[in-house]
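Here's the structure we're looking at; comments come further down.
The values are calculated or read from the model by the stated rules, or taken from the named source; none is laboratory data. As the structure is a prediction and not an experimental result, all values here were calculated from the model. Neighbour counts run over all protein chains shown; Cβ positions are idealised from the backbone, glycine included. Ligands, DNA and RNA are excluded from the accessible area calculation, which covers all protein heavy atoms including side chains. Shrake-Rupley method; radii C 1.70, N 1.55, O 1.52, S 1.80 Å.
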Amino acid sequence: MKRKGTFLSRLFMALVFVFLYAPIALLIIFSFNAGSSNTVWKGFSLDWYGKLFHNRLIMQSVYTTLLVSLLATVIATVAGTFAAIGFYAMRRRVRQPLMTVNNIPMMNADIVTGVSLCLFFVAVFNGWHGFAVWFNQAQRLFILEENLHLGFGTLLIAHIGFNIPYVILSVGPKLRQMDKNLVDAAQDLGCTWMQAFRKVILPEIMPGIVSGALTAFTMSIDDFVISYFTAGSSASTLAMTIYGMTKKRVSPQINAISTLLFLTVLILLAIVNLREARQERLSARRAG
Amino acid sequence: MKHKLSRFAIPYVVWMALFVVAPILLVVVYAFSSANGGFTLANFARMRTYTVVFTRSFKLAIIATAVCLLIGYPVSYMMSREGERFQRVAMVLIMLPMWMNFLLRTYSWMSILENNGLLNQFFQHIGLISLYNQIAARFAADPAAYVPITHFQMIGTPGAVVLGMVYNYLPFMILPIYSVIIKLDASLIEAARDLGASTVQVFRRVILPLSLPGVLSGITMVFVPSVSTFAISKMLGGGTEMLLGDLIEQQFLGGAYNPQLGAAISLVMMVIVVVCMVVMNRFGEGEEQAVML
């Protein structure tokens with residue numbers, strides 16, 4: 001009776017995974033297609049991979065995507081960790097409303113976040129324009145740029161903004177799990193608060209920081225809507241390039257670059273997971 | 001010591017004021033402004049012309065959320081009953097598709113659902129389309145005038161849009177439910193069993209009520225992006241299925257440039273999110289982690 005249950009449940013889970021991965025598998029398969037169709041198989045070839053590396057538009061947007069995701073992840077991880085520690089140290093009455101504001105970008109619809117940031121940046125740029133014109137007329141020493149536009153900078157700010165809450169949310173619980181006396185003990189034993197932070201708090205919350213960074217990077221890579229509203233016309237992520245293409249025809253070069261990115265991630269995750277598993281096994285053996 | 005550390009949050013509080021609160025206030029201001037800057041409620045009145053879009057968005061998003069729940073809850077529950085190794089791999093497998101940008105995954109569905117796409121080719125191959133034609137011709141009012149179909153129309157239908165939503169947002173349903181179920185106190189379940197509850201009773205009386213916070217956050221996390229999407233409806237709905245997201249996008253970057261109206265619709269969307277958050281807070285006190293992936 002019980003075995004039948006697990007067989008059926010495994011079958012159900014397998015079907016769900018097939019559903020999740022079938023489109024991805026198709027994308028990968030058709031990146032090796034000799035023809036330019038995504039539905040008719042014309043034989044194996046690596047042509048699209050070759051063409052891909054000569055396609056300025058795609059390579060540029062891949063570069064933008066990776067750069068903005070990596071920068072946003074690093075900055076958001078550092079800033080989010082500090083913010084989480086700050087929140088942790090606050091009184092509940094102060095923390096509660098701040099956490100609510102912190103949750104807004106996560107809960108809000110992407111399109112609303114994107115639109116609000118877009119309006120905000122444009123308003124700030126207009127204000128800046130007025131100031132810069134006045135400033136440049138008033139003196140001749142520094143010439144300020146008068147016209148600012150949406151671009152890589154605004155894109156990066158937007159990504160950092162929606163990444164930080166995820167970091168805080170994965171670091172926060174780790175802080176709460178930490179023994180409160182540890183920090184006091186470290187200070188009693190002569191640590192400065194910086195040392196206490198580095199030697200006591202940081203190692204304790206490291207798993208939270210790592211998973212927060214991973215989530216942040218995932219969100220950055222997966223994002224389209226917020227980038228679409230904040231990048232303007234001068235910067236384009238891979239998703240935006242693809243969206244521009246879907247109106248006409250998407251080149252199989254897109255399949256090729258997706259396959260490459262996907263395989264990179266797959267290999268990285270496999271290495272990380274195998275390593276973790278091995279370490280766990282080692283420590284389990286030592287303990288046993 | 002503890003309160004000294006709270007200074008660490010100051011930069012982020014400033015950041016939130018600038019890049020979270022100020023933009024939202026700006027949306028509110030825009031929503032109540034006319035094109036030349038005065039106060040008006042006309043933007044909200046104009047929304048009445050788009051009732052069809054509102055109803056369609058809600059209908060499709062509710063269906064997609066329900067389907068996600070029907071698939072996501074059993075999957076989360078089954079996953080939590082497997083071995084640790086299995087769970088770890090399954091979690092990675094659920095997160096992994098997100099590394100391929102959601103636009104790409106949706107684009108892949110386009111080539112599956114197209115009129116001469118892979119699914120229709122498959123149906124053709126197994127003879128489903130000719131079988132359908134035979135049956136339909138027999139039951140047609142005038143069999144002689146029956147025009148046989150060459151494909152099933154899938155792309156450009158509401159069903160395709162729902163499929164795209166379910167496909168893209170299913171992980172957002174599974175992850176919060178799973179993370180709540182996995183943290184359930186095993187002794188509670190044991191106690192229920194010791195007191196004579198059957199497996200079904202244990203599930204209905206113990207596991208289900210306790211996993212409600214996860215369910216609610218899953219529902220929010222699927223419903224909100226579904227009701228506000230614009231790329232999925234454009235790609236799989238073929239432009240015939242305009243949703244709220246499309247409406248907003250058009251007011252800012254599309255042809256019908258009207259940021260005030262766009263802001264007003266965005267404000268409505270924010271109210272929906274706030275309602276969801278309030279409901280969630282009422283049920284899942286302190287369940288912040290459940291929102292987390």
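Using a simple spin-label model with pseudo-atoms 7 Å out from Cα toward Cβ, residue B:47 and residue A:266 lie 4.5 nm apart. For residue A:126 and residue A:93, the FRET efficiency from 1/(1 + (r/R0)^6), where r spans their Cβ atoms and R0 equals 30 Å, is about 0.20. Dipole of segment A:116-262 computed with +1 at Lys/Arg Cβ and -1 at Asp/Glu Cβ about the Cα centre; of A:185, A:117, A:131, farthest Cα towards the positive end is A:117. Charge dipole of segment B:55-160 (Cα centre as origin; +1 on each Lys and Arg Cβ, -1 on each Asp and Glu Cβ, all else neutral): 240 debye, rounded to the nearest 20.
One equal scatterer on each Cα of segment A:42-143, no solvent, Debye formula: the resulting log10 I(q)/I(0) at q = 0.25 Å⁻¹ is -1.23.
Computed as a quarter of the hull surface, the mean projected area of the alpha carbon convex hull for segment A:59-111 stands at 4.6 nm². Rolling a 1.4 Å probe across the protein heavy atoms gives the protein assembly as shown an accessible surface of 49 Å² per residue. Interface between chains B and A: roughly 8400 Å² of accessible area buried, both sides summed (probe 1.4 Å, protein heavy atoms only). Charging the Cβ of each Asp and Glu at -1 and of each Lys and Arg at +1, and nothing else, the dipole of segment B:149-257 about its Cα centre rounds to 200 debye.
Fully extending the segment from residue A:47 to residue A:14 would add 8.5 nm, taking 0.36 nm per residue of separation and subtracting the current Cα-Cα distance. The alpha carbons of segment B:1-78 give a radius of gyration and a Dmax of 21.5, 58 Å, in that order. The per residue volume of the convex hull around the alpha-carbon atoms of chain A is 256 Å³. In the assembled protein chains, residue A:192 presents an accessible area of approximately 70 Å² (probe radius 1.4 Å). The smallest convex shape that holds all Cα atoms of the protein assembly as shown, its convex hull, gives 231 Å³ per residue. Taking all protein chains as they are arranged and a probe of 1.4 Å, the heavy atoms of residue B:68 leave approximately 0 Å² accessible to solvent. With the simple model of a label 7 Å out from the Cα in the direction of the Cβ, residue B:184 to residue A:78 spans 4.4 nm. Charges on Cβ only, +1 for Lys and Arg, -1 for Asp and Glu, centred on the Cα centroid of segment B:1-133; of B:124, B:113, B:102, which one is farthest towards the dipole's positive end? It is B:102. Legend: distances between Cα atoms for A:51/A:248; A:174/A:199; B:4/B:183; A:42/A:247; pairs beyond 22 Å are B:4/B:183; A:42/A:247.
Mind checking which helices in chain A clear 27 Å along their axis (Cα) and have mean Kyte-Doolittle hydropathy of -0.5 or more, DSSP H runs only?
Membrane-span-like by this criterion, though nothing is claimed about a membrane: A:2-30, A:56-89, A:110-138, A:152-177, A:202-222, A:252-287.
Distant-in-sequence amide contacts of residue B:33, defined by a placed amide H-H separation under 5 Å and a gap of 5 or more residues or a different chain, comprise B:40.
Residues of A:33-41, mean number of Cβ from any other protein chain within 10 Å of their own Cβ, rounded to a whole number? Walk me through the intermediate numbers first.
Numbers: counts 0, 0, 0, 0, 2, 8, 10, 3, 1.
Across A:33-41, the average partner-chain Cβ count within 10 Å equals 3.
In chain A, the calculated helix contribution to ellipticity at 222 nm averages -26500 deg cm²/dmol per residue, counting -39,500 (n - 2.57) for every DSSP H run with n ≥ 4.
Here's the picture: a label point sits 7 Å out from the Cα of residue A:60 along the beta-carbon direction, and within segment A:241-263 the residues with their amide nitrogen under 15 Å of it are A:241-242, A:244-245. Phi angles of segment B:213-222 translate, via the Karplus equation with coefficients 6.51, -1.76, 1.60 and θ = phi - 60°, into HN-Hα couplings of x, x, 4, 5, 5, x, 4, 4, 5, 8 Hz per residue; Gly and Pro are given as x.
Per DSSP H run of n ≥ 4, the term is -39500 (n - 2.57); total these for chain B, divide by its residue number, and report the mean residue ellipticity at 222 nm rounded to 500 deg cm²/dmol.
Theoretical 222 nm ellipticity from helices: -21000 deg cm²/dmol.
Here's the picture: charge each Lys and Arg Cβ at +1 and each Asp and Glu Cβ at -1 in chain B, and of B:242, B:264, B:146 the one pushed furthest to the positive end of that dipole is B:264. Just so you know, the Cα atoms of chain B work out to an Rg and Dmax of 24.1, 88 Å.
With one equal scatterer per alpha carbon and no solvent term, the Debye-computed log10 I(q)/I(0) for segment A:170-288 at 0.12, 0.24 1/Å reads -0.74, -1.30. If R0 is 35 Å, the Cβ-Cβ spacing of residue B:141 and residue A:40 corresponds to a FRET efficiency of close to 0.45. Charge dipole (Cα centre; +1 on Lys/Arg Cβ, -1 on Asp/Glu Cβ; no other charges) of chain B amounts to roughly 400 debye. Site pair residue A:22 and residue B:203 shows an inter-label distance of 2.5 nm when each label is modelled 7 Å from Cα along Cα→Cβ. Rounded to 0.05, the FRET efficiency of the residue B:39 and residue B:281 pair, given R0 = 30 Å and the Cβ-Cβ distance, is 0.40.
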